[in-house]
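Trainee: Structure provided below as structure tokens; questions to follow.
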Amino acid sequence: MSAHILSGKPVADQLLDALRPQVEVFDPKLVIVQVGNDPASTSYITQKFKSCDRVGMRHEHWHLQWDTSFDQLSSLIDKLNRDSDVSGFIVQLPLPAHLEPHTPQLIRAVDPRKDVDGFGAYNLGKMFLSVDFEHLPPATPSGVIELLNFYKIPIEGKHAVIVGRSNIVGKPLAVMLLNRGATVTVCHSKTKALSHFTRQADILCAAVGKAHMITKDMVKPGAVVIDIGVSRIDGKLVGDVDFENIKEIASAITPVPGGVGPMTVACLLRNCVRSKEKQLEKCP
């Protein structure tokens with residue numbers, strides 16, 4: 001039996017529809033800062049602004065030259081932090097090579113109240129407390145949780161295996177699954193006998209960015225497979241998972257594109273609404 005395909009579109013549509021009346025009430029404004037002309041970044045930003053238009057959210061694009069200096073970018077971040085009309089903003093990653101080493105400093109410079117990417121230490125740290133403190137979680141892990149909830153896939157008591165330990169996906173997703181009662185194993189590039197762990201997963205999440213690295217023999221029959229990684233082969237987007245073969249044994253699987261991607265955008269906009277709401281309440 002072929003797996004249930006977990007499309008992100010109906011989940012994202014439902015979330016965006018629910019956001020529209022909140023946007024009318026709180027009138028948030030999202031700002032995206034882009035340095036250079038990375039084609040993937042430009043595409044992502046276009047998708048984000050299309051969703052902003054759909055829910056009526058104000059938005060602004062600061063598109064800087066690729067040779068923008070660290071001091072110039074820091075100055076803009078400080079300006080956005082102080083602008084009371086800006087509800088939330090992100091610095092689109094990746095940055096050009098000369099700025100890439102400064103990424104941690106730049107993330108740290110963003111006011112936690114406006115950190116709608118959820119990448120800063122303050123918002124990540126709050127997540128460790130409980131579900132109740134996941135106010136501004138990173139958008140992609142948050143999207144995975146929403147996807148599982150929408151399709152009524154149980155998390156509590158399940159063994160979730162995550163392949164990938166990045167600060168923006170793997171690690172925060174592990175915490176969010178733990179907060180919901182899963183037993184979590186995190187694998188990465190140093191993990192020996194990777195398939196030994198992946199075959200134990202009730203919920204297998206792949207977030208590496210290496211095309212088709214998860215093969216059919218690495219998946220337990222009946223597992224739920226969440227493909228978060230994105231690569232490009234011959235101009236075509238593909239995931240970390242060998243979708244065509246694994247869908248024959250998995251109980252449910254996300255496609256790439258069209259799975260987690262739409263959820264990331266919707267959850268980013270939700271974070272912007274939450275930021276404005278918290279600012280009006282003057283809450284941390």
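Trainee: Compute the angle between helix 9-26 and the longest alpha-carbon principal axis of the chain, please, reported from 0 to 90 degrees and rounded to the nearest 10.
Mentor: 20 degrees
Trainee: Also, quick follow-up: Where does the charge balance sit around residue 131 when Lys and Arg score +1, Asp and Glu -1, over other residues with C-beta under 12 Å from its C-beta?
Mentor: My count for the surroundings of residue 131 gives -1.
Trainee: Compute the long axis of helix 139-150 from its Cα atoms, compare it with the longest principal axis of the Cα atoms of the chain, and write down the angle in degrees, 0 to 90, nearest 10.
Mentor: It is inclined by approximately 50 degrees.
Trainee: Any idea what % of Cα-Cα pairs in the chain are farther than 24 Å?
Mentor: When all Cα pairs of the chain are counted, 50 percent exceed 24 Å.
Trainee: Follow-up. Taking just the alpha carbons, could you work out the radius of gyration and Dmax for region 1-129, both in angstroms?
Mentor: When restricted to the Cα atoms of region 1-129, Rg and Dmax are 16.4, 57 Å.
Trainee: Distance from the Cα centre of region 63-90 to that of region 97-151, in angstrom?
Mentor: Taking the Cα centre of region 97-151 as reference, the centre of region 63-90 is 18 Å away.
Trainee: Which whole-number percent gives the relative contact order of the chain, counting Cα pairs below 8 Å spaced six or more residues apart?
Mentor: After rounding, I find 23 percent.
Trainee: Please give the net charge around residue 29, taking every other residue with its beta carbon less than 12 angstrom from that of residue 29, where Lys and Arg add +1 and Asp and Glu add -1.
Mentor: -1
Trainee: Quick check: from the Cα gyration tensor, does region 138-259 come out rounded (a/c under 1.5), prolate or oblate?
Mentor: In terms of gyration-tensor shape, rounded.
Trainee: How large is ³J(HN,Hα), in whole Hz, for each residue of region 117-129 in order, when computed from phi with the Karplus curve 6.51 cos²θ - 1.76 cosθ + 1.60 and θ = phi - 60°, using x for Gly and Pro?
Mentor: 6, x, 8, x, 4, 5, 6, 5, x, 4, 4, 5, 6
Trainee: Here's a follow-up. In what order do 176, 263 fall by count of nearby beta-carbon atoms within 10 Å, going from fewest to most?
Mentor: 176, 263
Trainee: Could you pull out every residue, at least 5 positions away or on a different chain, whose amide H is within less than 5 Å of the one on residue 185? Hs are placed 1.01 Å off N in the peptide plane, and Pro or chain starts have none.
Mentor: Excluding prolines and chain starts, which carry no amide H, the hits are 160, 161, 162.
Trainee: I would also like to ask the following. May I ask for the angle, rounded to the nearest 10°, between helix 260-281 and the longest principal axis of the chain, with both axes built from Cα atoms and the value confined to 0 to 90°?
Mentor: It is inclined by approximately 40 degrees.
Trainee: Then there is this: Give me the net charge of residue 169's neighbourhood, meaning all other residues with Cβ under 13 Å from the Cβ of residue 169; Lys, Arg count +1, Asp, Glu -1.
Mentor: For residues surrounding residue 169, the net value is -1.
Trainee: Here's something else I'd like to know. Can you tell me, using C-alpha contacts under 8 Å and at least 6 residues apart, the relative contact order of region 196-284 as a whole percent?
Mentor: 25 percent.
Every read-out reported here was derived from the displayed coordinates using simple, explicitly stated rules and does not represent laboratory data. The structure displayed is predicted, hence computed values, not measured ones. Reconstructed Cβ throughout: ideal geometry from the backbone, glycine too, with neighbour counts over all protein chains shown.
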